[in-house]
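Participant: Quick one: the structure is below, questions incoming.
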Amino acid sequence: MTLADKPERDRITHDTAATLFVNAGAGSGKTHALVERVAALVLTDGVRLANVAAVTFTEKAGAELRDRLRATFEGKAREAGTREAANEALDDLDGAAIGTLHAFAQRILAEHPIEAGLPPIIEVMDEVGSSVAFDERWAGLQTALLDDDSVAAPLLVALQLGMELKHVRSLALLLGNDWDLIDERVLVGPEPELRWPDIAAIVDDARRFVGELRHCRVEDDKLAARFDDVVEILTAYDEAVDDESRLGVVRQLGELKFGRIGRKENWLRPIDEIRTQGNDLAAAAKQLVDAVLDQCLRIITRWVARRVVEAAEIRRREGKLEFHDLLVLSRDLLRRDAGVRAALHDSYQRLLLDEFQDTDPIQIELAIRICAGADGAAADWRDIDVPDGRLFVVGDAKQSIYRFRRADIRNYLEAQAHVGEASSLTTNFRSVEPILGWVNHVFGTLITPSHGQQPEYVPLDGVRSETGSGAAVTVLGAAAHQDGLNAAALREHEARDVAAIIRQMLDEGWTVWDEQAEAWRPARRDDIAILVPARTSLPFLEDALDAAAVPYRAEASSLVYQAAEVRSLLAAARAVADASDA
């Protein structure tokens, strides 16, 4: 069978002189394509594997790529024409730069620690270690924040207006995740100031509003009761001993709701006018409070941001780095040091980037500056020319999901426009034709191109025409349920539908393809997986599966390793394992 995208696959393997940006659809065998291209570079072009860097998204993907390269070179080592090059590649394989972006960045820093301003030996903390280190930093940061007179006033006001110290902790954590952007996005412009608002004007409006109560003819009217709330707030205002407390009272005024309460026959004035007057008063109070809180948060954010940058600098000097530090320090090193760029240009003559849609935007800058070598000095990587054949990028914009890693579709599209020539892998080896037909129909309709936001949908081509018994695609929930169902009832309906279709496929013997036996067989329970976006649906699914007599095993992941108790236990275990670890 001739594959629809065979010319593109041949080009990926053999056109090693070209810089390619490959869009690889789901199940299109991109790892195989990567292996074929690396093999061609080594066995045909004579590039040492030690001079090739392949950056993967996960450690598992890196290990798989390394294993498949090993199998390929072991096979070629038995052939006369490629024996010497293949054996040399096998010798280089264990030390080759094949792994995650963070591992590659660490490799760069380890090769050039002095130029990066690092001690000769660096320590990279894992996620648990970074979490424990952040808790220690936050303890010191919190003490410094409470002791610093320069930020005392905005801090007190913000706390009075509803902010809590846990919010500042979250702010410090978020700033730490993107500390390299602080100078250009946070510490810019004039220093924010706390300008005290005219509280008295709002309070005077509230006192005048209370006078409208004289138009009420019934004491127990619900709108009249809201006037009692205003009176209580004004009393609290008069009793407040400082401006911060008074502002906190105004915040209570901004939280009042006048809605549709009260009966119009109980009022001498049109009740809608009174409600509007009350809502306008509350809106004005809220606007005033929000403006003050915004000023306070800007001041606090700058204070925290400076300490976050200082903490990153301390980690650099001590050589105790977190994952994000690796990326930032290696990027900054390549930006400023032409000698390092030239050395890396010679060391890594070919760069291959896998799963490009899900990686930090720093990745493409590292790659382009290495490819350009000493010439890669432009402030913006988009202004740097990539020498032919140096870079190979593979990804799929439709599969970009990891926004928490700073992956962004705009970065993907910008890199695609800047890097080399476009190529596509469209043949799907994983799914049967009926599934691909459904996917192409649905997403060909839903995914519409939008400049800078969404590329056009590229249909997948199938090669597996065989099908077993049972429906290839079953859509549940297509028929609307009765109106007025709450979320719990909807989840119950959904769970019941899911359990019913599973019961049906087991009872009717719907078939699945067994790769080991290379034959169709009736589906077993362990062939079925239910994926849920959150644990919220799990209790409903468990009840529905029990009712349908379908045994199951729940494997929902959790954030257990982030729990303070578990981190303490892990720290204790590390101390037991290594008594020298302070």
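The values are calculated or read from the model by the stated rules, or taken from the named source; none is laboratory data. These numbers were taken from a predicted model, which means no experiment stands behind them. When we count neighbours, we look across all protein chains shown, and the Cβ atoms used for this are built from the backbone with ideal geometry, even at glycine. Remember, those area values only see protein heavy atoms, side chains included, never the ligands or the DNA or RNA. Shrake-Rupley method; radii C 1.70, N 1.55, O 1.52, S 1.80 Å.
Participant: How would you order 356-369, 21-34, 336-349 from highest to lowest mean count of nearby Cβ atoms within 10 Å?
Facilitator: 356-369, 21-34, 336-349
Participant: Note the per residue figure in Å³ for the convex hull of the C-alpha positions in the stretch 236-356.
Facilitator: Considering the Cα atoms of the stretch 236-356, their hull volume per residue is 233 Å³.
Participant: Here's another thing I want to ask about it. Report which label in (1) 244; (2) 322; (3) 174 holds the value of volume of the Cα convex hull per residue in Å³ derived from the coordinates of this structure.
Facilitator: (1)
Participant: In the structure shown, do any of 6/398; 222/257; 60/398; 166/257 have a Cα-Cα gap over 19 Å, and if so which? Don't skip to the answer; put the middle values down first.
Facilitator: Working: 6/398 22 Å; 222/257 12 Å; 60/398 21 Å; 166/257 28 Å.
Too far apart for the 19 Å limit: 6/398; 60/398; 166/257.
Participant: Can I ask one more? Ordering 333, 90 by accessible area with a probe of 1.4 Å, largest first, what comes out?
Facilitator: 90, 333
Participant: What is the dipole size for the chain, taken about its Cα centre, with +1 at each Lys and Arg Cβ and -1 at each Asp and Glu Cβ, in debye to the nearest 20?
Facilitator: My answer is approximately 600 debye.
Participant: List the equivalent ellipsoid semi-axes of the stretch 42-162 in whole Å, largest first, each obtained as the square root of 5λ for an eigenvalue λ of the Cα gyration tensor.
Facilitator: One finds semi-axes of 51, 16, 11 Å for the stretch 42-162.
Participant: Still on this structure, please answer the following. Could you compute how much accessible surface residue 257 exposes when probed at 1.4 Å, giving the result in Å² to the nearest 10?
Facilitator: 140 Å²
Participant: Would you mind counting up the charge near residue 54? Only other residues with Cβ under 15 Å from its Cβ, with Lys and Arg at +1 and Asp and Glu at -1.
Facilitator: Neighbour charge sum, excluding residue 54 itself: +2.
Participant: Additional query: Treating each Cα of the stretch 173-226 as an identical point scatterer and ignoring solvent, apply the Debye formula and state log10 I(q)/I(0) at q = 0.17, 0.26, 0.27, 0.31 Å⁻¹.
Facilitator: Once normalised to I(0) and log-transformed, intensities are -0.71, -1.01, -1.02, -1.13.
Participant: Once you charge only the Cβ atoms, +1 for Lys and Arg and -1 for Asp and Glu, what is the size of the charge dipole of the stretch 337-418 about its Cα centre, to the nearest 20 debye?
Facilitator: 200 debye
Participant: Largest first and to the nearest Å, give the Cα extent of the stretch 102-144 along each principal axis.
Facilitator: Computed over the Cα atoms, the extents are 38, 21, 13 Å.
Participant: Taking every pair of Cα atoms in the stretch 103-258, average 1/r, invert it to obtain the Kirkwood radius, and report Rg/Rh to two decimals.
Facilitator: Here Rg/Rh amounts to 1.22.
Participant: With a 1.4 Å probe and every protein chain left in place, work out the accessible area per residue of the chain in Å², rounded to a whole number.
Facilitator: For the chain, the solvent-accessible area averages 54 Å² per residue.
Participant: Carbon and sulfur together cover what percent of the accessible area of the chain at a 1.4 Å probe radius?
Facilitator: 51 percent
Participant: Hey, another quick one. Can you grab the distance from the C-alpha centre of the stretch 471-535 to the C-alpha centre of the stretch 195-220, Å, no decimals?
Facilitator: Measuring centre to centre over Cα atoms gives 59 Å.
Participant: With only alpha-carbon atoms counted, please give the Rg and Dmax of the stretch 288-381, in Å.
Facilitator: 18.2, 60
Participant: Per-residue counts of other Cβ atoms within 10 Å, averaged by peptide: what ranking do you get for 174-180, 134-140, 393-399, highest first?
Facilitator: 393-399, 174-180, 134-140
Participant: Order the peptides 96-104, 468-476 from the highest to the lowest mean number of other Cβ atoms within 10 Å of their residues.
Facilitator: The peptides rank, most packed first, as 96-104, 468-476.
Participant: What is the dipole size for the stretch 142-236, taken about its Cα centre, with +1 at each Lys and Arg Cβ and -1 at each Asp and Glu Cβ, in debye to the nearest 20?
Facilitator: That gives a dipole near 400 debye.
Participant: Please compute the volume of the convex hull spanned by the alpha-carbon atoms of the stretch 214-257 and report it per residue in Å³. Before the final figure, lay out the partial values.
Facilitator: Working: hull volume 2.9 nm³, N = 44.
It comes to 67 Å³ per residue, whole-number rounded.
Participant: Also: State the volume of the convex hull built on the alpha-carbon positions of the stretch 21-98, expressed per residue in Å³ and rounded to an integer.
Facilitator: In the stretch 21-98, the Cα convex hull volume per residue is 94 Å³.
Participant: Quick check: net charge around residue 544, other residues with Cβ under 13 Å of its Cβ, Lys/Arg +1 and Asp/Glu -1?
Facilitator: Neighbour charge sum, excluding residue 544 itself: -3.
Participant: Can you give the helix-only mean residue ellipticity at 222 nm for the chain, where every DSSP H stretch with n ≥ 4 adds -39500 (n - 2.57) and the sum goes over all residues, rounded to the nearest 500 deg cm²/dmol?
Facilitator: Calculated from helices alone, the mean residue ellipticity at 222 nm is -17000 deg cm²/dmol.
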